[in-house]
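**Q** Structure incoming, see below.
The values are calculated or read from the model by the stated rules, or taken from the named source; none is laboratory data. It should be emphasised that the depicted structure is a prediction, and the values quoted were computed from it without experimental measurement. We place every Cβ from the backbone using ideal geometry, glycine too, and count neighbours over all the protein chains shown. Note: areas computed on protein heavy atoms with side chains; ligands, DNA, RNA excluded. Shrake-Rupley method; radii C 1.70, N 1.55, O 1.52, S 1.80 Å.
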Amino acid sequence: ERRGHGGALGKVALEEQPPQPNGGAPAAAAERPPPPGAERDSPGLRRSTESEVYDDGTNTFFWRAHTLTVLFILTCALGYVTLLEETPQDTAYNTKRGIVASILVFLCFGVTQAKDGPFSRPHPAYWRFWLCVSVVYELFLIFILFQTVQDGRQFMKYIDPHLGVPLPERDYGGNCLIYDPGNETDPFHNIWDKLDGFVPAHFFGWYLKTLMIRDWWMCMIISVMFEFLEYSLEHQLPNFSECWWDHWIMDVILCNGLGIYCGMKTLSWLSLKTYKWQGLWNIPTYKGKMKRIVFQFTPYSWVKFEWKPASSLRRWLAVCGIIFVFLLAELNTFYLKFVLWMPPEHYLVLLRLVFFVNVGGVAMREIYDFMDDPKFHKKLGQQAWLVAAITATEFLIVVKYDPYTLTLSLPFYITQCWMLGIILVLTWTAWRFFIRDITLRYKEIRRQKQEHKYEKDKCLSNGDGHSSILDEQIGNKLRERKL
């Protein structure tokens, strides 16, 4: 989290210095850039939730842009393909290779020329790469959205010939007995059947989500809300049908809860860690050099997220929007597999999860900066914008490809529960941000009137028509007007 809002102010301050007659010292200072964390560490610019950073300002070959080097290598590769390689006569193969080459050229351009985000470790180019991947993925989704349902599903065969075939979903319901006395060989077979590869995926997924959100309450709300969504939508997707202990014990308590706990412990360590950076060649010992290499894969600095959803209506709506987008992205995982006929263990499903792990952390930091520091972040960050667009496009694909499944009516008792929950949330919102404020304002005005009436009655009881307290209050008001 290297880039901050202090750099622009530091540059303006240097540019606005008048020329000095003593040999132009400010000009020399302007030519020599400050260390990467110098601007952020000034007490007036660093937020209270942001850690202090010490950096010696070492700028090595590793941190340079290398734009000409990348351009030279890219031109040589294209020249080799054009001049020395014979083009095959296979149209489908040439089409695939041309699309892949176009994507690679765009990634090379983006990695060297795109704007940096809030993260810089292990390297800013790493995060620029995922930003460009986000653009490519969004364009791919737009292409799929504009195809017919049959053409879109058959197009997936160009990526993997085994796709494009309807696959049955696995039913996680069935026998929900924890101890099955009818099975003398293994009475706990129902538990062992549920312990598949998705158990560690749940744990690591929620560990990483906790590192993104950095708030225990929001993580638990999203975890519990998704289980309610599975209960509500099991009539649409068969794999949402799970046993009660699979929902609440294995998912919420064991996998999700343990992942959130480990994530919070990691956040605590990161918030207490000392962020002091030295160049690798400035460290004398080999042990220090190895430690410095390992710490290259940790954040440059740390910002503790304080969402404070009840502090204002704007923050409350923003937190509700974040939770909604998180839940929608989770549902898209299952519905996309269903409508595009992809098995759960397919590598494309895993690649999508890896993609969201890398872009989600940047998006959450940009959203938090946009909410918490609007003076310096006047617009939503580029990665957050793309993640929101991708989530919306995925949902639109689901709506277009299988509207029948989405329009299956909810059971009546499920509808009642959701209506009750929505009414409670709206009622609390109206009370907290409207009725409560009006009530407090009315009580304050009433208290001030009572105090004024008490002082007036006290003056009349003295018989002189005025008091020293009122004189003092009038004098204070006169002084305030003069100031």
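**Q** Distance between Cα centroids, segment 386-418 to segment 129-147: provide it in whole Å.
**A** Measuring centre to centre over Cα atoms gives 21 Å.
**Q** Taking the Cβ of residue 436 as the center, what net charge do the other residues with Cβ under 14 Å away carry, scoring Lys and Arg +1 and Asp and Glu -1? Before the final figure, lay out the partial values.
**A** Numbers: positive: 432, 441, 443; negative: 437, 444.
With Lys, Arg at +1 and Asp, Glu at -1, the neighbours total +1.
**Q** Hey, another quick one. Enter the per residue convex hull volume of segment 110-262, computed from alpha-carbon coordinates, in Å³ rounded to the nearest integer.
**A** 188
**Q** List the residues whose amide H sits under 5 Å from the amide H of residue 54, counting only those 5 or more places along or on another chain, with H placed 1.01 Å from N in the peptide plane.
**A** 275, 276, 277
**Q** Within 11 Å, Cβ to Cβ, of residue 282, how many net charges do the neighbouring residues add up to if Lys/Arg are +1 and Asp/Glu are -1? Write out the running numbers ahead of the final one.
**A** On the way: positive: 289, 292; negative: 56.
That works out to +1.
**Q** Could you order peptides 116-124, 423-431, 267-275 by the average number of other Cβ atoms within 10 Å of their residues, highest first? Don't skip to the answer; put the middle values down first.
**A** Working: 116-124: 18.3, 423-431: 11.4, 267-275: 13.6.
Result, highest mean Cβ count within 10 Å first: 116-124, 267-275, 423-431.
**Q** Can you order the peptides 307-319, 402-414, 240-252 by their average number of other Cβ atoms within 10 Å per residue, highest first? Don't skip to the end; give the middle numbers.
**A** Working: 307-319: 15.0, 402-414: 11.4, 240-252: 17.9.
Result, highest mean Cβ count within 10 Å first: 240-252, 307-319, 402-414.
**Q** Oh, and also: About the Cα centre, and with charges only on the beta carbon of Lys, Arg (+1) and Asp, Glu (-1), how big is the dipole of segment 141-296? Nearest 20 debye, please.
**A** 1760
**Q** Right, another one. Considering amide H positions built from the backbone, and no H for Pro or chain starts, which residues 5 or more places from residue 302, or on another chain, come under 5 Å of its amide H?
**A** Hits under the 5 Å cutoff: 51.
**Q** Send over a whole-number figure in Å² for the accessible area per residue of segment 311-411, probe 1.4 Å.
**A** On a per-residue basis, 45 Å².
**Q** Residue by residue, what Karplus-based ³J(HN,Hα) values in Hz, rounded to whole numbers, does segment 342-355 have, using 6.51, -1.76 and 1.60 with θ = phi - 60° and x for Gly and Pro?
**A** In residue order, the calculated couplings are 10, x, x, 8, 5, 5, 5, 5, 5, 5, 5, 5, 4, 4 Hz.
**Q** Calculate one ³J(HN,Hα) per residue across segment 205-211 by plugging θ = phi - 60° into the Karplus curve 6.51 cos²θ - 1.76 cosθ + 1.60, and present them in order as whole Hz with x for glycine and proline.
**A** Couplings: x, 6, 4, 6, 5, 5, 5 Hz.
**Q** Oh, and also: Might you tell me the accessible area per residue for segment 94-193, computed with a 1.4 Å probe and given in Å²? Don't jump to the answer; show the numbers that get you there.
**A** On the way: 5880 Å² over 100 residues.
I get 59 Å² per residue for segment 94-193.
**Q** Residue by residue through segment 96-103, what is 3J(HN,Hα) from phi via Karplus (6.51 cos²θ - 1.76 cosθ + 1.60, θ = phi - 60°)? Round to whole Hz and write x for glycine and proline.
**A** Listing the rounded values in order: 4, 5, x, 5, 4, 5, 5, 5 Hz.
**Q** Also, quick follow-up: Work through the residues other than residue 332 whose Cβ is under 10 Å from its Cβ and net out their charges, Lys, Arg +1 and Asp, Glu -1.
**A** Numbers: positive: 337, 352; negative: 330, 394.
Spelling it out: positives minus negatives among the neighbours equals 0.
**Q** Report the full-extension gain for the segment residue 146 to residue 201: residue separation times 0.36 nm, less the Cα-Cα distance, to one decimal in nm. Could the numbers behind the result be given before it?
**A** Numbers: separation 55, 0.36 × 55 = 19.80 nm, distance 3.23 nm.
Working it through step by step, the gained length comes to 16.6 nm.
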